[in-house]
Amino acid sequence: WQRQTLIAAFIGVGILVGPAALDSRGPQHPPNPAWLAERYPSGETAQLRRVYVRPEHRRRGLARRMVDELVAFAVAEGGYRSLYLHTDPTVPGAEAFWRSLGKVVCDERSAPDGGQGILHVELPLLHPGSHAEVGAPGTRRVGAGTPAPS
């Protein structure tokens with residue numbers, strides 16, 4: 001079974017400004033480097049996915065609050081050794097945002113062949129309250145903890 005959640009940020013009455021998700025699948029090889037797939041195995045890795053805020057609503061802390069909520073979910077679920085994500089550093093603001101929250105473990109742009117140009121990041125997996133506030137204002141969980149066959 002897969003431990004997963006999807007949350008969404010809303011402003012006003014029902015105005016969706018962005019989703020964010022987490023699941024228990026680590027990066028796969030290929031297309032990612034083999035050592036990354038070994039370092040972040042499925043089942044032991046909480047992977048952030050599809051963290052997005054509409055451009056006109058950025059720089060208001062919404063993405064950070066959604067990430068905090070996902071971290072809290074991962075800690076509450078238990079059994080994770082690490083929190084991982086990959087991002088396209090050509091998306092405006094993405095690289096600076098993720099570098100502010102975690103450490104880059106692989107920048108494919110520095111690979112001899114350039115890889116896929118992807119930035120791979122590990123975030124701290126902290127206990128709720130030390131970093132993440134469960135139920136952060138402006139976020140709503142959709143389908144939290146819904147088990148799905150792996």
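For a quick check of understanding: with a 1.4 angstrom probe and all protein chains in place, what accessible area in square angstrom does Tyr52 have, to the nearest ten?
Accessible area of Tyr52: about 100 Å².
Given a cut-off of under 8 Å on Cα pairs at least six residues apart, what relative contact order in percent is computed for the stretch 5-123?
20
Pull up the DSSP beta bridges for the stretch 5-123 and report the antiparallel fraction as a percent, rounded to 5.
Percentage antiparallel, nearest 5: 85.
Calculate the dipole size of the stretch 5-123 relative to its Cα centre from +1 charges on Lys and Arg beta carbons and -1 charges on Asp and Glu beta carbons; express the result in debye to the nearest 20.
In total the dipole reaches around 420 debye.
Sorting check: for 61-70, 4-13, 105-114, 19-28, which peptide has the highest mean count of neighbouring beta carbons within 10 Å, and how do the rest follow?
The densest-packed peptide leads the list: 61-70, 19-28, 4-13, 105-114.
Rolling a 1.4 Å sphere over the protein heavy atoms, what is the accessible area per residue of the stretch 5-123, to the nearest Å²?
49
Classify the stretch 50-134 from the C-alpha gyration tensor, please: rounded if a/c falls under 1.5, else prolate or oblate depending on whether a/b exceeds b/c.
Note, shape of the stretch 50-134 comes out oblate.
The values are calculated or read from the model by the stated rules, or taken from the named source; none is laboratory data. The shown structure was predicted, so the numbers you read here are calculated from the model rather than taken from an experiment. Cβ sites come from the backbone with ideal geometry, for glycine too, and all protein chains shown count toward neighbours. The protein model used for the area step is the full one, side chains on, heavy atoms only, and it has no ligands, DNA or RNA in it. Shrake-Rupley method; radii C 1.70, N 1.55, O 1.52, S 1.80 Å.
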